[in-house]
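Novice: Before I ask anything, here is the structure I am working with.
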Amino acid sequence: MHNLTIAEISRKLQAKEFSSEEITRYFLDRIKQQDPTYNCYVTVTEELAMAQAKAADARLAAGNAPTMCGVPFAHKDIFCTNGVKTTCGSKMLDNFVPPYNATVVENYINEGAVMLGKTNMDEFAMGSSNETSYFGPVKNPWDTNCVPGGSSGGSAAAVAARMAPGATATDTGGSIRQPAALCGITGIKPTYGRVSRWGMIAFASSLDQAGVMARSAEDAAIMLNVMAGYDNKDSTCIDEPVPDYTANLGDSLAGVTIGVPKEYFEVGLNPGTEARVQDAIKQYETAGAKIKSISLPHSHLAVPAYYVIAPAECSANLSRFDGVRYGHRCDDPKDLMDLYKRSRGEGFGEEVKRRILVGTYCLSAGYYDAYYGKSQQVRRLIKQDFVDAFKEVDVIMGPTAPSPAFAFGSKGDDPVAMYLEDIYTIATNLAGLPGMSVPCGLVDNKPVGLQLIGNFFAESKLLNLAHQFQLATDFHTLAPSSLA
Ligand code: GLN
């Protein structure tokens with residue numbers, strides 16, 4: 001049962017081959033049995049899930065239920081869930097029970113989908129390995145000595161370990177695509193503004209975007225259909241009609257031009273990863289696509305610009321966690337200053353503090369122009385590289401991450417080594433473009449991801465291109481051999 005895709009579960013629910021209560025119970029039992037090994041879930045919402053499943057069964061019985069009605073899935077613990085603890089991977093929010101639902105959460109509730117629980121993540125979505133979570137690291141189902149990637153590592157590992165057929169996630173600099181790559185699953189980060197950020201705990205507001213993790217492009221399309229759309233509660237949400245993302249999955253590859261940036265194959269790329277990615281691109285060529293070598297000349301500036309902009313925005317966003325309104329409060333504060341200092345000192349982990357310090361510095365008088373202002377100019381150049389490239393090509397392809405999953409602790413002492421994990425994904429966020437990762441093979445028995453980057457609002461095209469690849473190959477169906 002755990003190997004069924006969302007599309008299959010949906011069809012079987014509609015055909016009454018099993019009920020939502022049955023499949024939900026099955027996944028809850030599987031989580032109980034498997035999750036002690038992987039630590040994917042911060043919270044399992046058993047009672048709520050069974051109640052939602054029961055309600056979904058009633059809707060299914062009445063007929064005309066939507067596609068995800070009754071289908072179990074998980075939410076990253078960054079989305080506010082009414083009455084259900086929402087931690088963002090931090091001690092700061094260990095006791096936070098939101099009084100409202102994020103729009104994304106509300107959309108899944110309206111669909112009748114069943115939330116199994118909330119998934120583990122790097123603290124406040126800062127990280128590429130899931131090692132910064134207050135709730136402990138998540139293990140990669142392909143190799144439990146290795147990281148699952150981050151920050152959406154709990155969602156990625158839960159899907160890879162078949163503890164949920166799909167999960168929501170967020171991507172500020174690569175947090176959907178990089179863990180999807182490292183765990184051998186499919187992930188899509190939509191265009192900035194495609195999915196509402198309302199009720200999604202903010203890290204870097206001009207970069208954060210919610211998206212999907214699943215085992216196939218078809219499943220990702222089904223989930224994106226539920227999430228995408230305008231929301232007047234988020235002023236950066238874009239009022240564009242939402243296509244049915246499953247509608248164009250049958251389009252042929254003939255006439256599609258794929259741009260391959262030379263900068264994505266230079267120093268730092270693991271040779272095995274490079275070979276798998278090149279093979280995947282050849283596969284597209286065989287299937288009728290045209291391949292064109294392109295240049296994104298400002299690529300090397302993406303990581304430095306991001307590590308000014310993201311910390312700057314995070315330092316502003318995280319100032320709300322002051323021990324007064326919500327979140328962790330220290331014991332017996334002497335005075336207001338002591339309350340602030342100790343509540344924040346105790347509540348935040350090391351990486352979050354590092355970012356707040358860097359961000360505050362970059363925004364301070366005298367440094368603002370040199371760092372923040374400059375980075376915004378660089379961001380503009382990076383975006384222009386893509387605008388120019390998309391005049392000639394339909395999609396850009398390359399690696400998602402520089403190497404397969406790495407061992408726990410191996411980048412622990414060197415934040416910059418960790419920051420380079422997102423060298424191929426970050427530019428997409430700076431430009432606001434949609435990006436996707438699909439499994440394209442193994443290196444040392446660990447998965448490799450092929451990254452697809454599209455023009456603004458080209459989600460349908462990306463999903464179709466990924467689907468065509470998945471029709472022709474079976475990399476996305478590979479499962480970790482240790483899986484029970
Ligand atoms: N790894 C990047 C960071 O640490 C991206 C994180 C994300 O996309 N949320 O900031």
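Novice: Considering only residues of region 243-261 that are of a type in the set (A, V, I, L, M) and open to solvent by less than 60 Å² (accessible area, probe 1.4 Å), which is farthest from Thr191 (Cα to Cα)?
Specialist: The qualifying residue farthest from Thr191 (Cα to Cα) is Leu253.
Novice: Report the residue count in region 414-451 for those that are assigned to a helix (DSSP H, G or I), near the ligand (Cβ under 10 Å from one of its atoms) and in contact with a strand residue (DSSP E or B) (Cβ under 9 Å, 6 or more places away or on another chain).
Specialist: Residues meeting the conditions: 1.
Novice: Now for a different question. Does Val393 satisfy being farther than 23 Å from Asp143 by Cβ, more than 16 Å from the ligand (Cβ to nearest atom), assigned to a loop (DSSP other than H, G, I, E, B) and open to solvent by less than 60 Å² (accessible area, probe 1.4 Å)?
Specialist: yes
Novice: May I pose another question? Spot the failing condition for Ala407; the list is (1) surrounded by fewer than 20 Cβ atoms within 10 Å (Cβ to Cβ); (2) within 14 Å of the ligand (Cβ to nearest atom); (3) in contact (Cβ under 8 Å) with a residue 12 or more places away in the chain, and only one is missed.
Specialist: (2)
Novice: Just to be sure before I move on: is Gly166 within 16 Å of the ligand (Cβ to nearest atom), on the phi < 0 side of the Ramachandran plot, within 14 Å of the chain's Cα centre (by Cα) and not hydroxyl-bearing (Ser, Thr, Tyr) in the structure I sent? Quick ask: steps written out before the conclusion?
Specialist: Values: within 16 Å of the ligand (Cβ to nearest atom): no; on the phi < 0 side of the Ramachandran plot: yes; within 14 Å of the chain's Cα centre (by Cα): yes; not hydroxyl-bearing (Ser, Thr, Tyr): yes.
In short, no.
Novice: Among the residues of region 175-192, is there at least one that is within 11 Å of the ligand (Cβ to nearest atom), closer than 24 Å to Met397 by Cβ and part of a loop (DSSP other than H, G, I, E, B)?
Specialist: Yes - at least one qualifying residue is present in region 175-192.
Novice: Identify all residues within region 181-196 that are open to solvent by less than 10 Å² (accessible area, probe 1.4 Å) and either within 30 Å of Asn232 (Cα to Cα) or among the acidic types (Asp, Glu) (or both); write none if there are none.
Specialist: Within region 181-196, Thr186, Gly187, Ile188, Lys189, Pro190, Thr191, Gly193, Arg194, Val195, Ser196 qualify.
Novice: Please determine, by comparing only the residues of region 115-134 that are acidic (Asp, Glu) and more than 8 Å from the ligand (Cβ to nearest atom), which one is surrounded by the most Cβ atoms within 10 Å (Cβ to Cβ).
Specialist: Checked region 115-134; the qualifying residue surrounded by the most Cβ atoms within 10 Å (Cβ to Cβ) is Glu123.
Novice: Please verify whether Val138 is touching a Phe, Trp or Tyr at 6+ places or on another chain (Cβ under 7 Å) and either assigned to a helix (DSSP H, G or I) or open to solvent by less than 10 Å² (accessible area, probe 1.4 Å) (or both), treating the condition exactly as stated.
Specialist: yes
Novice: Are there any pairs with C-beta distances below 9 angstrom linking a residue in region 360-373 that is of a type in the set (A, V, I, L, M, F, W, C) to a residue that is loosely packed, with under 14 Cβ neighbours inside 10 Å and in a helix (DSSP H, G or I), with the two at least 6 apart or on different chains, and if so which?
Specialist: Cys362/Ala370
Novice: Limited to region 137-173, what total is found for residues that are of a type outside the set (Asp, Glu) and within 17 Å of Glu459 (Cβ to Cβ)?
Specialist: Count: 4.
Novice: If I ask for residues that are without any contact (Cβ under 8 Å) to a residue 40 or more places away in the chain and in contact with a Phe, Trp or Tyr (Cβ under 7 Å, 6 or more places away or on another chain), which ones from region 292-324 would you list?
Specialist: Asp322, Gly323
Novice: Now, a different point. Hey, His300 hits all of (1) over 28 Å from Ile78 (Cα atoms); (2) in contact with a Gly (Cβ under 9 Å, 6 or more places away or on another chain); (3) open to solvent by 70 Å² or more (accessible area, probe 1.4 Å) but one; which does it fall short on?
Specialist: Condition not satisfied by His300: (2).
Novice: Right, another one. If the requirement is being out of contact with any His (no Cβ under 7 Å at 6 or more places or on another chain), under 17 Å from Val195 (Cβ atoms) and hydrophobic (A, V, I, L, M, F, W, C), which of these qualifies: Ala49, Ala125?
Specialist: Residue meeting the stated conditions: Ala125.
Novice: Of the residues Val97, Val42, which single one is within 24 Å of the chain's Cα centre (by Cα) and without any contact (Cβ under 8 Å) to a residue 24 or more places away in the chain?
Specialist: Of the residues listed, the single one that is within 24 Å of the chain's Cα centre (by Cα) and without any contact (Cβ under 8 Å) to a residue 24 or more places away in the chain is Val97.
Novice: Out of region 195-227, which residues are assigned to a loop (DSSP other than H, G, I, E, B), away from the ligand (no atom under 15 Å from the Cβ) and under 27 Å from Leu93 (Cα atoms)?
Specialist: Ser196, Trp198, Gly199
Novice: Tally the residues that are in contact (Cβ under 8 Å) with a residue 60 or more places away in the chain and open to solvent by less than 60 Å² (accessible area, probe 1.4 Å), restricting the search to region 262-273. Full working, then the answer.
Specialist: Of region 262-273, the ones in contact (Cβ under 8 Å) with a residue 60 or more places away in the chain are 264-265, 268-270, 272-273.
Right, trim to open to solvent by less than 60 Å² (accessible area, probe 1.4 Å) and you get 264-265, 269-270, 272-273.
Residues meeting the conditions: 6.
Novice: Something else now. Output the residue which, of all residues in region 141-161 that are open to solvent by 10 Å² or more (accessible area, probe 1.4 Å) and touching a helix residue (DSSP H, G or I) at 6+ places or on another chain (Cβ under 9 Å), is farthest from the ligand (Cβ to nearest atom). Steps first, please.
Specialist: Of region 141-161, the ones open to solvent by 10 Å² or more (accessible area, probe 1.4 Å) are 142-145.
Of the ones still in play, those that are also touching a helix residue (DSSP H, G or I) at 6+ places or on another chain (Cβ under 9 Å) are 142, 144.
Details: Trp142: 20, Thr144: 21 Å.
Result: Thr144.
The values are calculated or read from the model by the stated rules, or taken from the named source; none is laboratory data. Owing to the predicted nature of the structure, the values given are computational and were not obtained by experimental measurement. All Cβ positions, even for glycine, are placed from backbone atoms using ideal geometry, and neighbour counts span all protein chains on display. Surface areas here come from the heavy atoms of the whole protein model, side chains and all, with no ligands, DNA or RNA. Shrake-Rupley method; radii C 1.70, N 1.55, O 1.52, S 1.80 Å.
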